[in-house]
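Worksheet for the structure shown next.
The values are calculated or read from the model by the stated rules, or taken from the named source; none is laboratory data. Bear in mind that the values here come from a model prediction, so they are computed numbers and not experimental data. For neighbour counting, all protein chains shown are included, and Cβ atoms are generated from backbone atoms with ideal geometry for every residue, glycine included. Note: accessible area is taken over every heavy atom of the protein model, side chains too, but ligands, DNA and RNA are not part of it. Shrake-Rupley method; radii C 1.70, N 1.55, O 1.52, S 1.80 Å.
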Amino acid sequence: MKLVEKNPKDSSKPAKEKESHHTPKGAKRELIKKFPVRCNLEDYETAYNEFTWDDGRKEISYFAGGKVNAAYNAVDRHLVDGRKNKVALYTVGADGALNKLTFLEIYEAANRLGNALKAIGIKKGDRVFVFLPRVAELYIATIAIAKIGAIAGPLFSAFGPDALRDRLQDSEAKVVITNPALKDKIHGIKKDLPDLEHIIVVDTDEKDLIKNELSYSSLVAKASTELKCEPMDPEDPLYLLYTSGTTGKPKGVIHVHEDIVGHHMTSKWVLDLKDDDIYWCTADPGWVTGTVYGIFGPWSLGASCVSYEGRFDAAGWYQLIDRLKVTVWYTAPTALRMLMKAGDDVVYQHSLSSLRHVLSVGEPLNPEVVRWGMKVYGLPIHDNWWQTETGMQLIANLPCNAIKPGSMGKPLPGVYAAIVDDDGEELEAGELGRLVVRPGWPAMLRTVWRNEPKFHEYFKIPGWYFSGDNAWKDEEGYFWFVGRADDVINTSGHRVGPFEVESALVEHPAVAEAGVIGKPDKERGEIIKAFIVMANDTAPSDALMEEIKEHCKRTLSAHAYPREIEVKDSLPKTRSGKIMRRLLKAWELGLPTGDLSSLDDD
Ligand code: PRX
């Protein structure tokens, strides 16, 4: 049996932070318990012992014969439950322009687009991708696609041609919905996308359309506002989201319509959404948080959501909270660290009195940020843990429980999480191991698109879903994140596969070989660092390194370029020629590299 370390050594964390993550005693000493209102879930222990997902299903509207549609639950049902004229979406443009759409308006707009998609031949199961910034059409399109039973593919608007090609090619996408500023990226790779039939462009004139393009506004103008929501099998796909692993191209994670049960219950318990809340999820729907907790979950509860198109800016964010009187705010550790860096004065220059609940996800949330949040916002920040694959929050600091700063919280009712060794044996409290979950929660990934073997890798030991994260659990059942078990990089909460960055690097003519790792960074959690070998004796220079970075930004994505590049004469490889990223990481962190004579293929 291969044992996992008993004394966790987190190589991906700065030493100072390590202590607080690994000291059960310290963890017990500091508890934060302060929640300003009555929470939706008041008694964790009872719910944990008694709740089953069938109880959750009772809160979801099903059609005859057990059919369901996530979009019906997110939008249509609010036309008959008194929320018809309630604001569903506040959109704030990059220029500050504010628009509001009620549930009725979203319903009609989505129906029009759904009808238009059907009219151009889109059928149940077809893949329709949305490549837009955070504008109203992004939300409307996601609902429209789900309503007609097609599979929605969210795309981050900063993606470059390589990232787009990987996703659109593998999924055999039929339609992409985009805008005039982004459409050229699709045209540039169109020749590699034989299945792509239409590019639907928002905010465009008919006269500006080119080959394969259709105007969004012309399509919907002709379409009816009446559309029957497609009754789906609970196991039918809802959305397809690509995410990165250690090896190979991004994998298409398939989620299904019954995920809505998990979206609904977790938005109720963890986000604690109530009818008078104004809720802002800062994540882009190109990432799982933005799709699940920016669209389906909060709308299933009938909450008013805020979508902000602009970039991060401390004063701008606080202004937005004040302007729209945001009450529940779901954001990420990097953003919170950047806000902390922006200082306390900027907080006090705005009225944040509307805020009642702050949450964070995507990367480790430093205890000092939680303490700072208590000081300046007067509120604890509730960290929670989940993944693209889990499709919903699984471990969380619930409003009804005390927070231990630095911990991700406890498993939600209906979720059994554990720490195991490599054989799947459960470990004692305080021992570092693999974070696993008992399969069966409603939003669990159902497959990996056209890659069953990859799907089965998550379940290598029957009875457990392996998350790929290392963690430990304390005696009171709180989970503490330690690091990834693999080479996946988490930069500013964005999951990046080293292979994708290495592939982009070697596309540059000056780069012969590349190895990429995550390097600990105080603000971004990790930054991407590349080790490269120059091609054909090219002389390295600062200008060339900048050009290589730009090349990665342009072709792959603005978030996935190496902020640091180090030139080497050669890179350490296994006998079969695989670059040893673990050794690169050890070099970077000044850790012992072990016996290099036995480089093996792991
Ligand atoms: O390593 C964990 C980290 O983010 C990974 C999942 O990334 P992604 O699929 O992009 O989903 C992010 C948003 C749900 C996890 O495997 N992660 C997520 N939440 C936390 C976290 N690391 C530490 N603390 C968290 N709360």
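Taking the conditions (1) over 13 Å from TYR478 (Cβ atoms); (2) buried (at least 22 other Cβ atoms within 10 Å of the Cβ) in turn, ASN397 satisfies each one other than (1).
Of the residues LEU394, LEU359, LEU398, the single one that is within 16 Å of the ligand (Cβ to nearest atom) and over 22 Å from GLY525 (Cα atoms) is LEU398. Might you check whether a residue that is within 16 Å of the ligand (Cβ to nearest atom), over 30 Å from VAL415 (Cβ atoms) and either in contact with an Asp or Glu (Cβ under 7 Å, 6 or more places away or on another chain) or of a type outside the set (A, V, I, L, M) (or both) occurs anywhere in segment 505-517? The answer is yes, given that some residue of segment 505-517 is within 16 Å of the ligand (Cβ to nearest atom), over 30 Å from VAL415 (Cβ atoms) and either in contact with an Asp or Glu (Cβ under 7 Å, 6 or more places away or on another chain) or of a type outside the set (A, V, I, L, M) (or both).
Here the helices (runs of 4 or more DSSP H) wholly within segment 294-348 that include at least 3 residues being assigned by TED's automatic domain parsing to the domain that holds ILE278 and over 17 Å from the mean Cα position of the chain (by Cα) are 314-324, 333-342, 344-348.
If you filter segment 197-246 down to residues that are within 16 Å of the ligand (Cβ to nearest atom) and assigned to a loop (DSSP other than H, G, I, E, B), you find that the one that is surrounded by the most Cβ atoms within 10 Å (Cβ to Cβ) is SER244.
The residues of segment 95-114 that are over 23 Å from ASP275 (Cα atoms) and open to solvent by 70 Å² or more (accessible area, probe 1.4 Å), listed by number, are ASP95, ARG112.
Checked against (1) away from the ligand (no atom under 16 Å from the Cβ); (2) more than 26 Å from ASP95 (Cβ to Cβ), GLU309 passes all but condition (2).
Screening ASP344 with (1) out of contact with any Lys or Arg (no Cβ under 7 Å at 6 or more places or on another chain); (2) crowded, with 18+ Cβ neighbours inside 10 Å gives one miss only, at (2).
When ALA332 is tested against (1) more than 10 Å from the ligand (Cβ to nearest atom); (2) among the aliphatic types (A, V, I, L, M); (3) open to solvent by 10 Å² or more (accessible area, probe 1.4 Å), just one condition goes unmet, and that condition is (1). Figure legend. Inter-residue proximity from segment 293-315: first residues of a type in the set (Lys, Arg), second residues assigned to a loop (DSSP other than H, G, I, E, B), beta-carbon distance below 8 Å, spacing 6+ or different chains. Indicated pairs: ARG311/ALA94. Among the conditions (1) closer than 30 Å to TRP449 by Cα; (2) away from the ligand (no atom under 16 Å from the Cβ); (3) open to solvent by 10 Å² or more (accessible area, probe 1.4 Å), PRO413 misses just one, which is (3).
Residues in segment 167-197 that are under 12 Å from LEU241 (Cα atoms) and either of a type in the set (Asp, Glu) or not assigned by TED's automatic domain parsing to the domain that holds SER244 (or both): how many? Before the answer, list the steps.
Taking segment 167-197 and keeping what is under 12 Å from LEU241 (Cα atoms), we get 167-168, 170-171.
Now narrow it down to the ones that are either of a type in the set (Asp, Glu) or not assigned by TED's automatic domain parsing to the domain that holds SER244 (or both): 170.
Of the residues in that region, 1 qualify.
Scanning segment 247-263 for residues that are open to solvent by less than 10 Å² (accessible area, probe 1.4 Å) and more than 29 Å from THR491 (Cβ to Cβ) yields VAL256, HIS257, ILE260, VAL261.
In the condition set (1) in the same structural domain as VAL306 (by TED's automatic domain parsing); (2) free of Cβ contacts under 8 Å to residues at least 12 places away in the same chain, ASN85 is compliant with all but (2).
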